[in-house]
Amino acid sequence: MDHEIAVSKAEDIADHILAPAARQNDKEARFSSEAIAALGSAGLLAITLPTEMGGSGLGPRTLAAVIATFAEADASAAMVYLMHMCATATIASARAGATTAETLKDIAAGRHLTTLAFSEAGSRSHFWAPVSRGKRNGADVRITARKSWVTSAGHAQSYVVSALAPDGKGPTDSTLYLVASNKPGLSVAGPWDGLGMRANASAPMDLEDCEVEPGFQLTDDGAGFKAMLEIVLPLFNLGTSAVALGLSRAAVAGTAAHLKAARFEHLGATLGESLPTLRGQLATMQIDTDGLAARIDDLVDHLERPRETTVLRVLESKAAAGEVAIAVTSTAMRVCGGAAFSKHMAIERLFRDAHAGAVMAPTGDVLREFIGKAVLGIPLF
């Protein structure tokens, strides 16, 4: 599968499966198993997995394009996909001797959904610093943890779980483990009823004395922090930026359609024809959306050809993208007026979904702290 084929398949799924069900899934906070089945059948669950592991070996450019395409139709499904891809990359990069071959084979075959289980209430938006700790039990490790946000909770076949290493000395001495969904002690700890991204099942999960065998320890003891920053964070920030782009594009398209269709009957003209102020706001939405697309292209280039400024671009992308998505969808709400406010359009869902990015770790405030330190030459940690 090449870039064009992957994007074409994503467009087909977005048009025929995601978009028709997005409104009802949002209303019911319903996870779309149909979408996951379609992604698996289309071979999209393994597009960035190396070819020697059964994947397509495609890079960040394709990943961003596919995620943006999904987000235009349903941002919840796009986030499920992004978290799967982040977890897949982590599993694929597991330490020598890890028992991951069967999981990767199933992912490549389109029959395995995975996700990340990092965030904990005790460390909040500092997702890289779990407060739970693994306890050595002979060769195995037992984990008791309260994970606060787990996308696809109860629907994934596996979870990439973080915990402090048994002998870790500080908050960044973490280890990553692969925990199967049927592992005794693993459970969904509550329902998901969010303001936005309502159909991605981002529920809390509990691990109660879950036993993890040595083969399912993905990183060396204390090396989880390095994997989070070097493997997960670049993909996650790229992906969340692409979600913001998809939301912004959908908001521009929905607003333009409204301005062309809604009419002042007594004037014999559409809203777009009658009110230059609305045209101006639509223009600002388009400018901001195109600016975000350019920023994502720049980040992709930095990920494909790493250099001194790559870390800065990774940090900047999510912080900027979140603000753009909120600004564009907020303007769309105002421009579309009562039609948007009364939920006659998808704009209101886009507005709520856009705000979810602001509370996803690392938050904009945390990212700006890092960016400021980087500009001043202060160590990030």
Debye calc, one equal point scatterer per Cα of segment 275-346, no solvent, log10 I(q)/I(0) at q = 0.11, 0.18, 0.28 1/Å comes to -0.38, -0.74, -1.18
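Any idea of the accessible area per residue across segment 293-381, 1.4 Å probe, to the nearest Å²?
Result: 47 Å² of accessible area for each residue.
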So, counting K/R as plus one and D/E as minus one, what does the shell of residues with Cβ under 12 Å around Gly122 add up to?
+3
Under a 1.4 Å probe, what is the accessible area of segment 152-234 per residue, stated in Å²?
38
Say we join alpha carbon atoms closer than 10 Å with springs in a Gaussian network model of the chain; which of Glu52, Glu28, Glu348 then has the biggest fluctuation?
Glu52
Which entries of Lys226/Lys318; Lys169/Lys318; Lys147/Lys169; Lys147/Lys318; Lys169/Lys226; Lys105/Lys169 have Cα-Cα distances beyond 26 Å here?
Lys169/Lys318; Lys105/Lys169
Go ahead and run the numbers for FRET between Ser330 and Asp220, Cβ-Cβ distance against an R0 of 30 Å, rounding to 0.05.
0.10
I want to make sure I understand the PRE zone here: with the label point 7 angstrom from the Cα of Asp365 toward its beta carbon, which residues in segment 110-142 have backbone N atoms less than 19 Å away?
119-130
Compare the peptides 310-322, 1-13 by average per-residue count of other Cβ atoms within 10 angstrom and give them in order, highest first.
310-322, 1-13
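Quote the Stokes-Einstein diffusion coefficient, in whole µm² s⁻¹, for segment 1-137, based on the Kirkwood radius over alpha carbon pairs, a temperature of 10 °C and a viscosity of 1.306 mPa s. Working shown, then result.
Details: Rh = 16.0 Å.
Result for D is 99 µm²/s.
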Using a 1.4 Å probe, what is the accessible area per residue for segment 1-142, in Å²?
40
How large is Rg over Rh for segment 59-161, taking Rg from the Cα atoms and Rh as the Kirkwood inverse mean of 1/r across Cα pairs?
1.00
Taking alpha-carbon centroids only, segment 135-161 lies from segment 57-110 a number of Å equal to 19
Give, in nm to one decimal, the length gained when the segment between Ile378 and Ala294 is fully stretched (0.36 nm per residue of separation minus the Cα-Cα distance).
27.4 nm
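Rounded to the nearest 20 Debye, what is the dipole magnitude of segment 177-317 about its Cα centre when Lys and Arg each give +1 and Asp and Glu each give -1 at the C-beta?
Roughly 840 debye, rounded to the nearest 20.
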Consider a paramagnetic label point 7 Å from the Cα of Ala257 along Cα→Cβ; state which residues of segment 47-86 have an amide N under 14 Å from it.
72-74
So what does the Cα-only Debye profile of segment 210-273 read at q = 0.27 Å⁻¹, as log10 I(q)/I(0), no solvent term?
-1.04
Compute the Kirkwood hydrodynamic radius of segment 225-381, taking the inverse of the mean of 1/r over all pairs of distinct Cα atoms, and give it in Å to one decimal.
16.8
Counting Lys and Arg as +1 and Asp and Glu as -1, each charge on the Cβ, what is the dipole of the chain about the Cα centre in debye, to the nearest 20?
620
So what are the three principal axis dimensions of the chain from its Cα atoms, in whole Å, longest to shortest?
81, 48, 39
Tally up the carbon and sulfur contribution to the accessible surface of segment 198-321 as a whole percent, 1.4 Å probe, everything protein left in place.
58
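Which percent of the accessible area of segment 45-94 is formed by carbon and sulfur heavy atoms (probe 1.4 angstrom)? Don't jump to the answer; show the numbers that get you there.
Values: 550 of 1110 Å².
After summing per-atom areas, the C and S share lands at 49 percent.
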For Thr309 and Phe264, what does the FRET efficiency come to when R0 = 45 Å and r is the distance between their Cβ atoms, rounded to the nearest 0.05?
0.35
Rounded to the nearest percent, how much of the accessible area of segment 335-381 (1.4 Å probe, protein heavy atoms only) is carbon and sulfur?
67
Taking the dipole of segment 253-381 about the Cα centre (Lys, Arg +1; Asp, Glu -1; charges at Cβ), the one of Leu271, Pro379, Val311 that reaches farthest to the positive side is Leu271
Return, ordered by residue number, the residues of segment 346-362 whose backbone nitrogen is under 19 Å from a label point located 7 Å along Cα→Cβ of Arg124.
356-362
With R₀ set to 45 angstrom, the calculated FRET efficiency between the beta-carbons of Glu230 and Lys27, to the nearest 0.05, is 0.70
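The values are calculated or read from the model by the stated rules, or taken from the named source; none is laboratory data. Computed from a predicted model, the values in this text were never measured in an experiment. Because the Cβ atoms are built from the backbone with ideal geometry, glycine has one as well, and the counts that use them run over all protein chains shown. The accessibility values were calculated without ligands, DNA or RNA, using every heavy atom of the protein model including side chains. Shrake-Rupley method; radii C 1.70, N 1.55, O 1.52, S 1.80 Å.
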